[in-house]
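Have a look at the structure below, then the notes.
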Amino acid sequence: MKTIIITGANTGIGLATATEFIKDGHHVIIACRNVQKAQQAKQHLESFATGKVDIIQLDLNSLENVNQAANSIIENYEKIDVLVNNAGLMTPTLEATEDGYEKQFGVNYLAHFLWTMKLLPLVQKAERGRIIHLASMMHLLGSIKPEIFKADQVKQYNGVRSYGNSKLANLLFSNALAEKLESTQVTSNSLHPGGVDSEIYRELPKYQYKVIKLFLIPPSKPAKLINKIAFDPSWNHRNGDYVSLQTPAMRSAKAKDMQLARNLYEQSLALVQHYL
Ligand SMILES: NC(=O)c1ccc[n+]([C@@H]2O[C@H](COP(=O)([O-])OP(=O)(O)OC[C@H]3O[C@@H](n4cnc5c(N)ncnc54)[C@H](OP(=O)(O)O)[C@@H]3O)[C@@H](O)[C@H]2O)c1
């Protein structure tokens, strides 16, 4: 029985991924901001009568909450075999996290950076630790702009670009971490899960959603890919890889830029150093 932590596992790709792992008899910890929704997900997962489910309350909107949730994991578990950084949001309006970061950058990326850095020692205790980041083909629109990490520094907000920035940051973090983990038993890889029918499109106008829905795939498809990245022997020596469902795995020039990845890693460490 392997121990797997998935952020945002009460719905969408996260829940489908938890379902895959539970069906295989693993111990899955679902890290969700809303405990009531997490309880419903737990009930659903327990209906498969295999594996084990725990809940941890995690609100990626707050670095202090991330710190506390990670500390509670460190106190209560001996190792983590697979860490799936899945939770994410897409928002058309400029908002700030509790710490003042632009919300998509803060929730999708920076909070996961802190989460991962805090939990890395536990992943290193596993026989073959796996860290899997949900990036997106939308990273193609992204760039890294430290001058607008904070919401009050943003002058012209574009929700789609900002989402792309956060997904580029996910991919670059995966690459930087992979480089640091070279010659260890832990790997770091990222994926574009395809256009997936989930609640992420909840803020789209209904008519737009109806059109987009025609092209969306069910969450079970990326869930199977994540399971494969976690446990299939063909992934044993893949580190710093990026794969894609539905579309070719195209990486932007920025996503291939290792110096950009290293710089973002160092900048992010400085932003969260208070908690490390
Ligand atoms: N769906 C797609 O087409 C697509 C394409 C490319 C990449 N992705 C990526 O795949 C990942 C999963 O997306 P999905 O499609 O499954 O979306 P989803 O159905 O909207 O699920 C997102 C999950 O993230 C959680 N979440 C949001 N804000 C959070 C916060 N502040 N703290 C903790 N959890 C938070 C949500 O919790 P609540 O239920 O409480 O809101 C939910 O569990 C995301 O990283 C997304 O960027 C999705």
### Query
For segment 1-34, how many residues are near the ligand (Cβ under 10 Å from one of its atoms) and open to solvent by 10 Å² or more (accessible area, probe 1.4 Å)?
9
### Query
What helices (runs of 4 or more DSSP H) lie completely within segment 1-97 and have 2 or more residues being more than 20 Å from Lys118 (Cβ to Cβ)?
12-23, 35-46
### Query
Could you give every pair whose Cβ atoms fall below 6 Å, whose first residue belongs to segment 76-90 and is within 16 Å of Cys32 (Cβ to Cβ), and whose second residue is part of a strand (DSSP E or B) and within 10 Å of the ligand (Cβ to nearest atom), counting only separations of at least 6 or pairs across chains?
Val84/Ile6; Asn85/Thr7; Asn85/His133; Asn86/Ile6; Asn86/Thr7; Asn86/Leu134; Ala87/Thr7
### Query
Given Ser62, Ser72, Ser47, which one is within 13 Å of the ligand (Cβ to nearest atom) and among the hydroxyl-bearing types (Ser, Thr, Tyr)?
Ser62
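Among the residues of segment 49-73, which ones are aliphatic (A, V, I, L, M) and within 17 Å of Thr3 (Cα to Cα)?
If we filter segment 49-73 for residues that are aliphatic (A, V, I, L, M), which is where we start, we get 49, 53, 55-56, 58, 60, 63, 66, 69-70, 73.
Passing the criteria: Ala49, Val53, Ile55, Ile56, Ala69, Ala70, Ile73.
Kindly establish whether Asp59 is within 12 Å of Ala31 (Cβ to Cβ) and out of contact with any strand residue (DSSP E or B) (no Cβ under 8 Å at 6 or more places or on another chain).
Values: within 12 Å of Ala31 (Cβ to Cβ): yes; out of contact with any strand residue (DSSP E or B) (no Cβ under 8 Å at 6 or more places or on another chain): yes.
It is true that Asp59 is within 12 Å of Ala31 (Cβ to Cβ) and out of contact with any strand residue (DSSP E or B) (no Cβ under 8 Å at 6 or more places or on another chain).
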### Query
Does Ser136 satisfy being buried (at least 24 other Cβ atoms within 10 Å of the Cβ) and away from the ligand (no atom under 12 Å from the Cβ)?
no
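Conditions tested, residue by residue: (1) touching a residue at least 60 places away in the same chain (Cβ under 8 Å); (2) open to solvent by 40 Å² or more (accessible area, probe 1.4 Å); (3) closer than 12 Å to Phe149 by Cα; (4) away from the ligand (no atom under 14 Å from the Cβ).
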{"position": "Thr93", "(1), (2), (3), (4)": "yes, yes, no, yes"}
{"position": "Asp99", "(1), (2), (3), (4)": "no, yes, yes, no"}
{"position": "Gln104", "(1), (2), (3), (4)": "yes, no, yes, no"}
{"position": "Thr116", "(1), (2), (3), (4)": "yes, no, no, no"}
{"position": "Leu119", "(1), (2), (3), (4)": "yes, no, no, yes"}
{"position": "Leu122", "(1), (2), (3), (4)": "no, no, no, yes"}
{"position": "Arg128", "(1), (2), (3), (4)": "yes, yes, no, yes"}
### Task
For residues that are outside any helix (DSSP H, G or I) and among the aliphatic types (A, V, I, L, M), scanning just segment 131-157, find the one that is farthest from Lys167 (Cα to Cα).
Val154
### Query
Would a scan of segment 170-185 turn up a residue that is open to solvent by less than 70 Å² (accessible area, probe 1.4 Å) and either without any contact (Cβ under 8 Å) to a residue 40 or more places away in the chain or over 27 Å from Lys125 (Cβ atoms) (or both)?
no
## Note on the structure
Taking first residues from segment 251-276 that are part of a helix (DSSP H, G or I) and second residues anywhere that are modelled with pLDDT of 95 or more and surrounded by fewer than 15 Cβ atoms within 10 Å (Cβ to Cβ), the pairs with Cβ under 6 Å that are 6 or more apart or on different chains are Gln267/Pro146
### Query
Is there a residue being among the charged types (D, E, K, R), outside any helix (DSSP H, G or I) and within 11 Å of the ligand (Cβ to nearest atom) anywhere in segment 159-179?
no
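Is there a residue in segment 42-50 that is small (Gly, Ala, Ser), within 20 Å of Gly12 (Cα to Cα) and surrounded by fewer than 23 Cβ atoms within 10 Å (Cβ to Cβ)?
Filtering segment 42-50 for residues small (Gly, Ala, Ser) gives 47, 49.
Retained after the next criterion (residues that are within 20 Å of Gly12 (Cα to Cα)): 47.
Those left that are additionally surrounded by fewer than 23 Cβ atoms within 10 Å (Cβ to Cβ): 47.
Yes.
For (1) open to solvent by less than 70 Å² (accessible area, probe 1.4 Å); (2) in contact with an Asp or Glu (Cβ under 6 Å, 6 or more places away or on another chain); (3) among the β-branched types (Val, Ile, Thr); (4) modelled with pLDDT of 95 or more, each residue gets a yes or a no:
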site: Ile217; (1), (2), (3), (4): yes, no, yes, yes
site: Lys221; (1), (2), (3), (4): no, no, no, yes
site: Asn227; (1), (2), (3), (4): yes, yes, no, yes
site: Pro233; (1), (2), (3), (4): no, no, no, yes
site: Ser244; (1), (2), (3), (4): yes, no, no, yes
site: Ser252; (1), (2), (3), (4): yes, no, no, yes
site: Glu266; (1), (2), (3), (4): no, no, no, yes
site: Gln273; (1), (2), (3), (4): no, no, no, yes
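The values are calculated or read from the model by the stated rules, or taken from the named source; none is laboratory data. As the structure is a prediction and not an experimental result, all values here were calculated from the model. Cβ coordinates were reconstructed from backbone atoms using ideal geometry, including for glycine residues, and neighbour counts include every protein chain displayed. Note: accessible area is taken over every heavy atom of the protein model, side chains too, but ligands, DNA and RNA are not part of it. Shrake-Rupley method; radii C 1.70, N 1.55, O 1.52, S 1.80 Å.
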